[in-house]
Amino acid sequence: MNDQQIYKLIKAEEIRQLEGLELIPSENYVSKDVMRALGSVFTNKYSEGYPGRRYYGGQENTDQLETIAIERAKKLFRVDHANVQSHSGAPANEAVYHAWLDPGDKVLAMELSHGGHLTHGAPVTILAKQYQFIRYGMKDIETGEIDYDNIRELALKHRPKIILAGFSAYPRNLDYKKFVEIGNEVGAVLVADMAHIAGLIAAGVLDNPLDYGFHVMTATSHKTLRGPRGGLILTQGNVGNPLKQVEKTIENLPTLIDRMVFPGMQGGPHMNVIAAKAVAFGEASTPEYKIYAQQVLNNAKELSIQLMNRGFKLITNGTDNHLMLVDIFKSFGIDGDQAEKTLDKVGLNVNKNAIAFDTLPPFKPSGIRLGTPALTTRGLKQKDMETIAQWMLDAIENRDNTSRLEAISKEVKEFASSFPPPTTK
């Protein structure tokens, strides 16, 4: 690489990833095959439109590529249609909203501080100015129980056009059957934002909301799917010509969403990313991937136990999926920003995160969020979770002891280097 300034940063990041342990639950490592596809000559090609219906010539390879990605996604999630063009998870959610809603329409979605996402109607987003978001949350942060009675009451009162299930920081499973019952009662479109757990759903170790009657599922192709950074929209219904207008009905959701992704929101799809998505979908269909996904859950369960044994107060007192949310302020009297920076110093990467009913500000919240997808990709097992939990405790308790932090950092570096990420092997 001739650009030495950028080359040095790439090499520095390779070293950082090798010598540290990634516990941020939305991050993972791709395979060498995914990385090769991402850096392939497909990055050179414009392909506005859809397979067989492009606005540019020279599409004999891109059409086959995108069709393969679509068919692999459909098979993974047992769904009628897949749009693989969304650039990321947030625009995937936006495309669904814009395809079905009119300005001012109502959406029932999870409160951000209870585990939802920015695109679920957080007041700081443009979406909150376009649509009316009604928010639900947990009834009990000790158990994580969602208040489904309240969801039904809100649905009957507000008659939302979309009911959204999904999260970015919620450690328990959702009752998809109850969501479907409520949605059908008020005639709402049911959308599941499964960005975090899509890979676990694909592997069959967590339930698929589409099997319960959801109409749409959005996802990201990274996180637990271990693909490139990108979005994915899965839809039940009639698949039509995306370049022709159709009646706005639930049955036509696949076509309505395709039309909103292109030409409604995006121009040319990133064909190199779609190539990498296709590779990742193929990898996710293997028996080895199912073993990986189950290990993610096993590791998360064990890490949650080891942390609680050491005085970490976990929201919902454990986890059913890949992530944990720690009330670090209640546990050790420090805010999430302090905890994140302390753990960074020893090579343990987490992210600060608000918790339900948080009394601290967003940039210094009470919580930290962590999970096991990236650790599991590197080959760590349940027996290693005790070691990680102990390092976390030692670092936080010795946050003002520079020499002790340096010693922990050395231990982490030696351990992490023996489990290299796939792309640095």
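Criterion first (farther than 30 Å from ASN299 by Cα, surrounded by fewer than 12 Cβ atoms within 10 Å (Cβ to Cβ) and in the same structural domain as GLY204 (by TED's automatic domain parsing)) does GLY49 satisfy it? Reasoning before the result, please.
Values: farther than 30 Å from ASN299 by Cα: yes; surrounded by fewer than 12 Cβ atoms within 10 Å (Cβ to Cβ): no; in the same structural domain as GLY204 (by TED's automatic domain parsing): yes.
Against the criterion (farther than 30 Å from ASN299 by Cα, surrounded by fewer than 12 Cβ atoms within 10 Å (Cβ to Cβ) and in the same structural domain as GLY204 (by TED's automatic domain parsing)), GLY49 does not qualify.
Within the range 170-199, residues that are part of a helix (DSSP H, G or I) reach partners that are among the acidic types (Asp, Glu) with beta carbons closer than 7 Å, at six or more positions or on different chains, in the pairs TYR176/ASP207. Can you find a residue in the range 119-127 that is surrounded by fewer than 23 Cβ atoms within 10 Å (Cβ to Cβ), touching a Lys or Arg at 6+ places or on another chain (Cβ under 8 Å) and either farther than 19 Å from LEU325 by Cα or touching a residue at least 12 places away in the same chain (Cβ under 8 Å) (or both)? So far as the range 119-127 goes, no, none of its residues is surrounded by fewer than 23 Cβ atoms within 10 Å (Cβ to Cβ), touching a Lys or Arg at 6+ places or on another chain (Cβ under 8 Å) and either farther than 19 Å from LEU325 by Cα or touching a residue at least 12 places away in the same chain (Cβ under 8 Å) (or both). If the condition is being in a helix (DSSP H, G or I) and surrounded by fewer than 24 Cβ atoms within 10 Å (Cβ to Cβ), then the range 202-232 contributes LEU210, ASP211, TYR212. Against the conditions (1) on the phi < 0 side of the Ramachandran plot; (2) surrounded by fewer than 21 Cβ atoms within 10 Å (Cβ to Cβ); (3) assigned by TED's automatic domain parsing to the domain that holds ALA280, GLU27 satisfies every one except (3).
Identify all residues within the range 324-337 that are out of contact with any Lys or Arg (no Cβ under 6 Å at 6 or more places or on another chain) and under 20 Å from ASN298 (Cα atoms); write none if there are none. Let's see the steps before the verdict.
Narrowing the range 324-337 to residues out of contact with any Lys or Arg (no Cβ under 6 Å at 6 or more places or on another chain): 324, 326, 328-329, 332-334.
Hits for the range 324-337 are MET324, VAL326.
Those helices (runs of 4 or more DSSP H) of the range 1-93 in which 2 or more residues are more than 25 Å from THR286 (Cβ to Cβ) and in contact with a helix residue (DSSP H, G or I) (Cβ under 8 Å, 6 or more places away or on another chain) occupy 4-19. Residues that are farther than 29 Å from ASN184 by Cβ, in a helix (DSSP H, G or I) and touching an Asp or Glu at 6+ places or on another chain (Cβ under 6 Å) occur in the range 267-276; there is at least one.
Of the residues contained in the range 3-16, none is found to be surrounded by 21 or more Cβ atoms within 10 Å (Cβ to Cβ) and at negative phi.
The single condition from (1) within 24 Å of the chain's Cα centre (by Cα); (2) crowded, with 22+ Cβ neighbours inside 10 Å; (3) at pLDDT 90 or above that PRO160 fails is (1). Would the range 56-74 turn up any residue that is within 17 Å of GLY231 (Cα to Cα), free of Cβ contacts under 8 Å to residues at least 12 places away in the same chain, out of contact with any Gly (no Cβ under 7 Å at 6 or more places or on another chain) and outside the structural domain of ILE408 (by TED's automatic domain parsing)? There is at least one residue in the range 56-74 that is within 17 Å of GLY231 (Cα to Cα), free of Cβ contacts under 8 Å to residues at least 12 places away in the same chain, out of contact with any Gly (no Cβ under 7 Å at 6 or more places or on another chain) and outside the structural domain of ILE408 (by TED's automatic domain parsing). Of all residues in the range 87-110, those that are free of Cβ contacts under 8 Å to residues at least 40 places away in the same chain have Cβ atoms under 7 Å from Cβ atoms of residues that are in a strand (DSSP E or B), 6 or more apart or on another chain, in GLY104/GLN132. The residues of the range 315-339 that are more than 18 Å from the chain's Cα centre (by Cα) and crowded, with 23+ Cβ neighbours inside 10 Å, listed by number, are ILE315, VAL326, ILE328, GLY336, ALA339.
The values are calculated or read from the model by the stated rules, or taken from the named source; none is laboratory data. These figures come from a predicted structure and were not determined experimentally. Every residue, glycine among them, receives a Cβ derived from its backbone with ideal geometry; neighbour counts consider all protein chains shown.
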